[in-house]
Amino acid sequence: MLFNKLLGWFSHDIAIDLGTANTIVMIKGHEILINEPSVVAVKVDKYKDDEILAVGREAKEMVGKTPDNIRAVRPMRDGVIADFNITEKMIRYFIEKAHKRKNFMRPRIMVCVPYGLTSVERKAVKESAMSAGAREVFLIEEPLAAAIGAGLPIQEPQGSLVVDIGGGTTEIGVLSLGGLVISRSIRTAGDKIDGAIIEYVRKKFNLLIGDRTAEEIKIDIGSAAPLDEILVKQVKGRDQISGLLSTIEITSEDIRDAIKDHIKEMGNALKSVLEVVPPDLAGDIVENGIVLTGGGALIRNLDKYFSEMVKLPVYVGDEPLLAVAKGTGKAMENMSVLEKIIANS
Ligand code: ADP
Ligand code: MG
């Protein structure tokens, strides 16, 4: 493995963050080749195999706007593979698209997968990447890649704690000496928060909105702890009583109220991990604090909320949406060091 270390990251190496919401494909130098939603649009046919109509951004555009026989599927939605066939096609599509842009010779590929995947699911991901033309495939777990991407000193004999909040899962990892000491994954993350916004707007304003509008509201005015200035957003939807389209005004206070239970659940998961951190590592975490990655880290004042809850410093990592992809790329560069802990089965 010294061999790998000497060569570093081959020019034909690809890092893939196979996220529940977004898939990112990166090559050496952290150049992003693909950054698209992990969504597949499928035409359902009773009489033959489902046909794939679109993958990625194009498929996400179809969400909520499709006729009955077209479904937009997020095959990894809950951090498990809901449909092997569709997941495989999605992975192939992204790898082939990256290929077209760069004309790789059979690349080595490292894929970051959600922590909760079973060994059967891991095998399926590996085989999909192999059949899309990889020379070799390695897997790395999300909390580890997130920590590396956030620049935490994971190879030191020093504890670090990372919380990665994605679409389907929130993954918490305590790392030391290049490995995961404790990890936890819960299925409360961005999607559940969007769902809570839909419910709240329906109950309080009698207005029906879809997933995409809910996500937009979260991104534009969502917060975990009070903001200095209240934000307001105009929201369009269908009035539940009159059935007519209408526009209402929603404030950041409303949305904080809507999402507070889910935010608290994530905080409680963090607390439960802190409760079992070995005492020697706990001291490091007190000193170094907690880093947040993943798109959910961008919820306003989430760092502040967690910090008040666990009484420790909490920071949002640099470019949280890219942390896992960057970490996966860095892990490839340091494969010899990380060999022991990269899940290769
Ligand atoms: P995954 O790793 O599961 O694919 P990501 O790390 O890509 O997930 O994050 C996707 C989640 O982050 C989605 O739920 C999305 O709505 C949310 N998100 C993205 N940007 C923001 C933002 N600015 N504020 C709040 N949430 C955001
Ligand atoms: Mg992720």
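The values are calculated or read from the model by the stated rules, or taken from the named source; none is laboratory data. Computed from a prediction, not measured in an experiment: that's the story for all the values here. Counting neighbours? That spans all protein chains shown, and the Cβs are built from the backbone with ideal geometry, glycine included. Ligands, DNA and RNA are excluded from the accessible area calculation, which covers all protein heavy atoms including side chains. Shrake-Rupley method; radii C 1.70, N 1.55, O 1.52, S 1.80 Å.
When the C-alpha to C-alpha distance is required to be over 18 Å, the pairs from 43/65; 60/100; 192/260 that qualify are 60/100.
Dividing the convex hull volume of the alpha carbon atoms of the stretch 107-219 by its residue count, what do you get in Å³ per residue?
Numbers: hull volume 16.2 nm³, N = 113.
It comes to 143 Å³ per residue, whole-number rounded.
When the chain is treated as a GNM with alpha-carbon contacts under 10 Å, the residue of 69, 301, 35 showing the greatest mean-square fluctuation is 69. Residues whose amide H lies under 5 Å from that of residue 300, counting only those 5 or more places away or on a different chain, are 224; hydrogens are built 1.01 Å from N in the peptide plane.
Each Lys and Arg Cβ is given +1 and each Asp and Glu Cβ -1; about its Cα centre, the stretch 230-345 then shows a dipole of about 300 debye. Charges were assigned to the Cβ only: +1 to each Lys and Arg, -1 to each Asp and Glu. The resulting dipole of the chain about its Cα centre is roughly 920 debye. Comparing 91, 209, 140 in a Gaussian network model of the chain where C-alpha atoms under 10 Å apart are linked, the largest mean-square fluctuation is found at 209.
Between residue 229 and residue 127, the contour length at 0.36 nm per residue exceeds the alpha carbon distance by 31.7 nm.
Computed on the chain, with alpha-carbon pairs under 8 angstrom and 6+ residues apart, the relative contact order is 20 percent. Projected label points at residue 268 and residue 304, each 7 Å from Cα along the beta carbon direction, are separated by 2.4 nanometres. Note on the chain: dipole from Cβ charges, positive end direction compared against 44, 205, 22; the farthest Cα belongs to 44. Taking the charge dipole of the chain about its Cα centre, with +1 at Lys and Arg Cβ atoms and -1 at Asp and Glu Cβ atoms, the residue from 277, 138, 328 reaching farthest to the positive side is 138.
Backbone amide hydrogens, once placed in the peptide plane, bring residue 50 within less than 5 Å of 45, excluding anything fewer than 5 places away on its chain. I want the antiparallel fraction of DSSP beta bridges within the chain, as a percent rounded to 5. Percentage antiparallel, nearest 5: 70.
Nearest 0.05, what FRET efficiency do residue 286 and residue 257 give at R0 = 35 Å with Cβ-Cβ as r? With R0 = 35 Å, the Cβ-Cβ based efficiency is 0.65. How much of the accessible area of the chain, probe 1.4 Å, is carbon plus sulfur, in whole percent? Within the chain, the accessible surface is 51 percent carbon and sulfur. Taking the Cα atoms of the stretch 182-304, the ratio Rg/Rh between the radius of gyration and the Kirkwood radius comes to 1.08.
In the chain, with Lys and Arg counted as +1 and Asp and Glu as -1 at Cβ, which of these residues, 219, 75, 312, has the Cα nearest the positive end of the dipole, that is, farthest along it? Final value for the positive-end residue is 75.
So for the chain, what are the equivalent ellipsoid semi-axes in whole Å, largest first, each being the square root of 5 times an eigenvalue of the Cα gyration tensor?
Semi-axis lengths for the chain are 33, 29, 15 Å.
Per-residue 3J(HN,Hα) values for the stretch 292-302, derived from phi via the Karplus relation 6.51 cos²θ - 1.76 cosθ + 1.60 with θ = phi - 60°, read 9, 10, x, x, x, 5, 7, 4, 3, 6, 5 Hz in sequence order (x marks Gly and Pro). Take every pair of alpha-carbon atoms less than 8 Å apart whose residues are at least six positions apart; their mean separation over the length of the stretch 190-258 yields a relative contact order of 32 percent.
If you place +1 on the Cβ of every Lys and Arg, -1 on the Cβ of every Asp and Glu, and leave all else neutral, what size is the dipole of the stretch 124-264 about its Cα centre, to the nearest 20 Debye?
Numbers: 16 positive and 22 negative charges, 76 e Å.
Roughly 360 debye for the stretch 124-264.
What would the Debye formula give as log10 I(q)/I(0) at q = 0.18, 0.24, 0.25 Å⁻¹ for the alpha-carbon point model of the stretch 190-258, no solvent? Here the Debye-derived log intensity ratios amount to -0.59, -1.02, -1.10.
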